[in-house]
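**Student:** Just dropping this structure here.
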Amino acid sequence: MGIVILLLMLAGVGLMLARVLPTAFALVLLGVVIAVVAGAPLTGENSIFDTVLQEGAPALAATMLAVLIGSWLGKLMEETGIAGTLVRKIVEFGGDRPTVVALGVLTVSALVGTVTGSAPAAMMAGIIGIPAMIAVGVPNTTAAGTILMGIAAGMPFELPVWQFFSTALELPVDTVKGFMLKLFPFAAFFAVLFVLVESRRKGVEHAWSLASAAERDGGGSPRERRRARARRMGDAPWYALLAPLVPLVLALGFDVAIIPSMLAGVLWALLTTTRPGHLNKRLLRTLYGGFEIAAPPIALFVAIGVLLAAVKLPGAVEALNPLVEAVAPGNPIVFVLVFTLLVPLCLYRGPLNVYGLGAGIAGVLIAAGIYPAVAMLGLTASYNQVFGVSDPTSTQTVWAAQYSGVGPQQVMLRTLPYVWCVALGGLIVTAATHL
């Protein structure tokens, strides 16, 4: 039966890769079929209806809510000009120095990445940042990669990601936070290294250009020109730019829970940019916009919950345990070597993609007692760094590549060596501390 379940998982990967079914639908179908093969009854304890579907679907509800609030905050930052102002000020500071501009955009991308991920984060940082980088001579592929590497550098501090790993792996948030703090230096170092190395490659400059502030705003004193530019460009006030830091300060510095920390960020962004008479409309408009942005990941988290419930059924664990035990590396050094070599399997919606079948495999390894949950946290979080930057099928990679005028595969080839090293660093920390 264990071999049958593994074959079903491979078939699920095939359905996702061939785009026969969307990932969320394929995972739900896979979860139900695994439950049937594992001999689960239709109703009752450890059943298809009551356990897999009824309990599995809302299992990641806390993560879904965190994603929604993060999307809400991201929408507020977009509408109020907070994100655009951050990028513009960095570009103005960098002037015509390609590396300085790229490092600045990388920093803003990391800040945005702490709030929300995927395509919305790439758009908030990239709509202004990508043409600005290309205009000063940063190669097109490097411009796209800078946005993605920046978002990945901020990902260890993305509170919805903390909530996802905490709920999916049944770990305390403090445990997740502890590992993410260890992963961050690797993500930050290789993101900066990417910019320093790749921005020196000779590339074709795009036709986009940014006019100087003086050209745009006309005459007058410098102070008058700054005010005119702020009115025309919709610059947010300086204190509003702290919005992405508010949740981090509360969660990291004061141990405030994830959802209240993120709600505080929403309130800060709202109250520092919106007149009292417009609060009601902006609240509702951005919240509804947040729902639209959050819908795809929420659907995916529902499906992941169903799959996790299925692979944790006693019949599935009993069937898979001997097979997994036979192939899973137990020695810490072998663990690092094997899973470093397997990094490409998280690309193209592969079997080790944590937002796909990888969540189910992690669940199997934990349920079978092969690895502790905290070791699976290190593995999946390390792989998530690779997926978030280099997967040519992920929405943020596709958007950043297309907006830069290059192909997603070009971005993958240029960024993969760097994020592979980030994953290696995370795996070494995992093996050294938890195996």
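**Student:** I'd like to check something: does segment 58-66 contain any residue that is of a type in the set (Gly, Ala, Ser) and within 30 Å of residue 239 (Cβ to Cβ)?
**Tutor:** Yes, there is a match, as at least one residue in segment 58-66 is of a type in the set (Gly, Ala, Ser) and within 30 Å of residue 239 (Cβ to Cβ).
**Student:** Taking the criterion of being touching an Asp or Glu at 6+ places or on another chain (Cβ under 9 Å), not in a helix (DSSP H, G or I) and not β-branched (Val, Ile, Thr), would at least one residue in segment 10-28 satisfy it? Working first, answer last.
**Tutor:** Going through segment 10-28, the residues touching an Asp or Glu at 6+ places or on another chain (Cβ under 9 Å) turn out to be none.
Taking every residue of segment 10-28 in turn, none turns out to be touching an Asp or Glu at 6+ places or on another chain (Cβ under 9 Å), not in a helix (DSSP H, G or I) and not β-branched (Val, Ile, Thr).
**Student:** When the residues of segment 320-361 are narrowed to those that are more than 28 Å from the chain's Cα centre (by Cα) and small (Gly, Ala, Ser), which ends up farthest from residue 164 (Cα to Cα)?
**Tutor:** 326
**Student:** Out of everything in segment 373-395 that is among the polar types (S, T, N, Q) and open to solvent by 20 Å² or more (accessible area, probe 1.4 Å), what residue ends up being nearest to residue 330 (Cα to Cα)?
**Tutor:** In the first step, residues of segment 373-395 are kept if they are among the polar types (S, T, N, Q); the result is 380, 382, 384-385, 390, 393-395.
Those still in the list that are open to solvent by 20 Å² or more (accessible area, probe 1.4 Å) too: 393, 395.
Working: 393: 32, 395: 35 Å.
So, considering only residues that are among the polar types (S, T, N, Q) and open to solvent by 20 Å² or more (accessible area, probe 1.4 Å), the one nearest to residue 330 (Cα to Cα) is 393.
**Student:** Here is a further query. What pairs come out if I take residues in segment 84-104 that are open to solvent by less than 40 Å² (accessible area, probe 1.4 Å) and pair them with residues that are basic (Lys, Arg) whose C-beta lies under 8 Å away, six or more apart or interchain?
**Tutor:** If the second residue must be basic (Lys, Arg), the pairs left are 99/200.
**Student:** Quick check on residue 249: is it part of a helix (DSSP H, G or I), open to solvent by 70 Å² or more (accessible area, probe 1.4 Å) and at pLDDT 90 or above?
**Tutor:** Working: part of a helix (DSSP H, G or I): yes; open to solvent by 70 Å² or more (accessible area, probe 1.4 Å): yes; at pLDDT 90 or above: yes.
The answer is yes for residue 249.
**Student:** Identify all residues within segment 321-356 that are among the aliphatic types (A, V, I, L, M) and either closer than 15 Å to residue 420 by Cβ or at pLDDT 85 or above (or both); write none if there are none. Break it down into steps so the answer makes sense when it comes.
**Tutor:** At the first step, the residues of segment 321-356 found to be among the aliphatic types (A, V, I, L, M) are 323-324, 326-328, 333-334, 336-338, 341-343, 345, 347, 352, 354.
Of everything in segment 321-356, those that are among the aliphatic types (A, V, I, L, M) and either closer than 15 Å to residue 420 by Cβ or at pLDDT 85 or above (or both) turn out to be 333, 334, 336, 337, 338, 341, 342, 343, 345, 347, 352, 354.
**Student:** Let me ask something else. From the residues in segment 165-179 that are part of a helix (DSSP H, G or I) and out of contact with any Phe, Trp or Tyr (no Cβ under 7 Å at 6 or more places or on another chain), which one is most open to solvent (accessible area, probe 1.4 Å)? Don't jump to the end; show me each part of the working.
**Tutor:** Quick first cut of segment 165-179, residues part of a helix (DSSP H, G or I) only: 165-168, 173-179.
The next check asks that each one be out of contact with any Phe, Trp or Tyr (no Cβ under 7 Å at 6 or more places or on another chain); those that pass are 165-168, 174-175, 178-179.
Numbers: 165: 2, 166: 15, 167: 37, 168: 12, 174: 105, 175: 48, 178: 28, 179: 8 Å².
So, considering only residues that are part of a helix (DSSP H, G or I) and out of contact with any Phe, Trp or Tyr (no Cβ under 7 Å at 6 or more places or on another chain), the one most open to solvent (accessible area, probe 1.4 Å) is 174.
**Student:** Might you let me know whether segment 66-78 holds any residue that is touching a residue at least 40 places away in the same chain (Cβ under 8 Å), over 22 Å from residue 299 (Cα atoms) and not charged (D, E, K, R)? I'd like the intermediate steps shown before the answer.
**Tutor:** Applying the first criterion (touching a residue at least 40 places away in the same chain (Cβ under 8 Å)) to segment 66-78 yields 66-78.
With over 22 Å from residue 299 (Cα atoms) added as a condition, the list becomes 76-78.
Next, only the ones that are not charged (D, E, K, R) stay: 76-77.
Checked segment 66-78: at least one residue is touching a residue at least 40 places away in the same chain (Cβ under 8 Å), over 22 Å from residue 299 (Cα atoms) and not charged (D, E, K, R).
**Student:** Out of 149, 155, which single residue is touching a Gly at 6+ places or on another chain (Cβ under 6 Å) and at negative phi?
**Tutor:** Details: 149 fails: touching a Gly at 6+ places or on another chain (Cβ under 6 Å).
Testing whether each residue is touching a Gly at 6+ places or on another chain (Cβ under 6 Å) and at negative phi leaves just 155.
**Student:** If you go through segment 106-115 one residue at a time, do you hit one that is open to solvent by 10 Å² or more (accessible area, probe 1.4 Å), among the polar types (S, T, N, Q), in a helix (DSSP H, G or I) and within 16 Å of residue 88 (Cα to Cα)?
**Tutor:** Checked segment 106-115: at least one residue is open to solvent by 10 Å² or more (accessible area, probe 1.4 Å), among the polar types (S, T, N, Q), in a helix (DSSP H, G or I) and within 16 Å of residue 88 (Cα to Cα).
**Student:** Further question: Within segment 402-435, how many residues turn out to be of a type outside the set (Val, Ile, Thr) and farther than 21 Å from residue 156 by Cα?
**Tutor:** So in segment 402-435, the residues of a type outside the set (Val, Ile, Thr) come out as 402-405, 407-410, 412-414, 416-418, 420-421, 423-427, 431-432, 434-435.
Now narrow it down to the ones that are farther than 21 Å from residue 156 by Cα: 402-405, 407-410, 413-414, 435.
Matching residues across segment 402-435 total 11.
**Student:** Which one of 129, 150, 145 is modelled with pLDDT under 95, assigned to a helix (DSSP H, G or I) and under 18 Å from residue 388 (Cβ atoms)?
**Tutor:** Values: 150 fails: modelled with pLDDT under 95; 145 fails: modelled with pLDDT under 95.
It is 129.
**Student:** For segment 397-415, how many residues meet the condition of being under 17 Å from residue 106 (Cα atoms) and either open to solvent by 20 Å² or more (accessible area, probe 1.4 Å) or among the hydrophobic types (A, V, I, L, M, F, W, C) (or both)? Talk me through it step by step, then tell me what you get.
**Tutor:** Of all residues in segment 397-415, those under 17 Å from residue 106 (Cα atoms) come to 397, 399-401, 403-404, 411, 414-415.
Narrowing the set further to residues that are either open to solvent by 20 Å² or more (accessible area, probe 1.4 Å) or among the hydrophobic types (A, V, I, L, M, F, W, C) (or both) leaves 399-401, 403, 411, 414.
Result for segment 397-415: 6.
**Student:** Taking residue 15, is it farther than 27 Å from residue 295 by Cα and open to solvent by 40 Å² or more (accessible area, probe 1.4 Å)?
**Tutor:** Numbers: farther than 27 Å from residue 295 by Cα: no; open to solvent by 40 Å² or more (accessible area, probe 1.4 Å): yes.
In short, no.
**Student:** Can you confirm whether residue 30 is surrounded by 15 or more Cβ atoms within 10 Å (Cβ to Cβ) and under 30 Å from residue 246 (Cα atoms)? Steps first, answer last, please.
**Tutor:** Numbers: surrounded by 15 or more Cβ atoms within 10 Å (Cβ to Cβ): yes; under 30 Å from residue 246 (Cα atoms): no.
No: the conditions fail for residue 30.
Yes/no matrix, rows are residues, columns are (1) in contact (Cβ under 8 Å) with a residue 12 or more places away in the chain; (2) more than 23 Å from residue 246 (Cβ to Cβ); (3) within 18 Å of the chain's Cα centre (by Cα):
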| site | (1), (2), (3) |
| --- | --- |
| 119 | yes, yes, yes |
| 125 | yes, no, yes |
| 129 | yes, no, no |
| 141 | yes, yes, no |
| 150 | yes, no, yes |
| 176 | yes, no, yes |
| 190 | yes, yes, yes |
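The values are calculated or read from the model by the stated rules, or taken from the named source; none is laboratory data. Predicted model only: the values in this text are computed from it and were never measured. For neighbour counting, all protein chains shown are included, and Cβ atoms are generated from backbone atoms with ideal geometry for every residue, glycine included. Protein only, heavy atoms only, side chains kept; ligands, DNA and RNA dropped before computing areas. Shrake-Rupley method; radii C 1.70, N 1.55, O 1.52, S 1.80 Å.
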